[in-house]
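The values are calculated or read from the model by the stated rules, or taken from the named source; none is laboratory data. What you see is a predicted model; the values in this text were computed from it and never measured. Cβ sites come from the backbone with ideal geometry, for glycine too, and all protein chains shown count toward neighbours. Only protein heavy atoms, including side chains, enter the accessible area calculation; ligands, DNA and RNA are left aside. Shrake-Rupley method; radii C 1.70, N 1.55, O 1.52, S 1.80 Å.
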Amino acid sequence: MKIRPIFISILTAATFMTVSCNSHKKSDAEVERENWLYSLNDSISKYQKRIETADNELKTIHDEIGNMIVNFDHVSNPRLVEGYYIYKGWSSRYPLSKTGIVARITQDEGFELIAALSGGHFNQISVNAGNENVESSVVAHDQALNYRTSSLNTVCFYGSAADSIGDLISRNVSGTVTVTFLNGAKSGTLTVPEDQKEMIAATWQLFSAQRHAHHLEGEIPMLSRRIDACRRMLEANDSTLNK
């Protein structure tokens, strides 16, 4: 979207102020207003350049998402509230039947981590990779997000803390990632297998790209509205000077 800054308004204002200078020195208020008028056109130019950059970024990200999404399966089951996307090869391995951790993307493009522990109970996890450690939020036992059978406890984590864990694993996929299961105290540990690290990293990267695309999709119209506001102020000033 290309929008021409309104330089005519600036020229009109500048002409008016120049003529005025023949009879009196510009007041501080006049100088301030002149600078403000010039700043509006500077802002229009800045917003226009950012829109062009964001448009290009959005096209690139859409291409990246298109290349990544083919590596995921959409799972829809009548027993589920909503479907989800899971890394190819994992739809038959999820839900987990033993200690492990996986990720999925919800129908509305939210990131979720699902951890499972055999022979113990937990409501929180702590993940260590490299020199970093990230803890999830606590999810109370409710048979929904924190589900227990006689042999397995499965907990679904989401939100900013889960996002931080996904990002941490993605950045350390070639290193050692350790999950500590917590229930007030330590109740189990897991050194995350290579295939689970790979699927979590791929899922996080797709989610991250989708989130960035949505940010740009919101930023572009917001910048357009700012340009419109600047234009209206310039036009209002021009109308005032021509009365």
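On the basis of being under 22 Å from the mean Cα position of the chain (by Cα), over 30 Å from PHE72 (Cβ atoms), open to solvent by 20 Å² or more (accessible area, probe 1.4 Å) and not hydrophobic (A, V, I, L, M, F, W, C), does ARG225 make the cut? So ARG225 fits the description; yes. Note on the range 145-183: residues that are open to solvent by 60 Å² or more (accessible area, probe 1.4 Å), within 20 Å of SER118 (Cβ to Cβ) and not basic (Lys, Arg) total 6. Within the range 184-207, being open to solvent by less than 40 Å² (accessible area, probe 1.4 Å) and part of a helix (DSSP H, G or I) holds for GLN196, LYS197, MET199, ILE200, ALA201, ALA202, THR203, TRP204, LEU206, PHE207. The single residue among ALA162, ALA144, ALA140 that is under 21 Å from LEU96 (Cα atoms), in contact with a strand residue (DSSP E or B) (Cβ under 7 Å, 6 or more places away or on another chain) and part of a loop (DSSP other than H, G, I, E, B) turns out to be ALA140. Could you give me the residue pairs with C-beta distances under 6 Å whose first residue belongs to the range 62-81 and is assigned to a loop (DSSP other than H, G, I, E, B), whose second residue is surrounded by 11 or more Cβ atoms within 10 Å (Cβ to Cβ) wherever it lies, and which are 6+ apart or on separate chains? Close Cβ pairs (under 6 Å, with a partner that is surrounded by 11 or more Cβ atoms within 10 Å (Cβ to Cβ)) amount to ASN71/LYS88; SER76/GLY83.
Among the residues of the range 59-105, the ones that are over 21 Å from THR149 (Cβ atoms), open to solvent by 50 Å² or more (accessible area, probe 1.4 Å) and of a type in the set (A, V, I, L, M) come to 2 in all.
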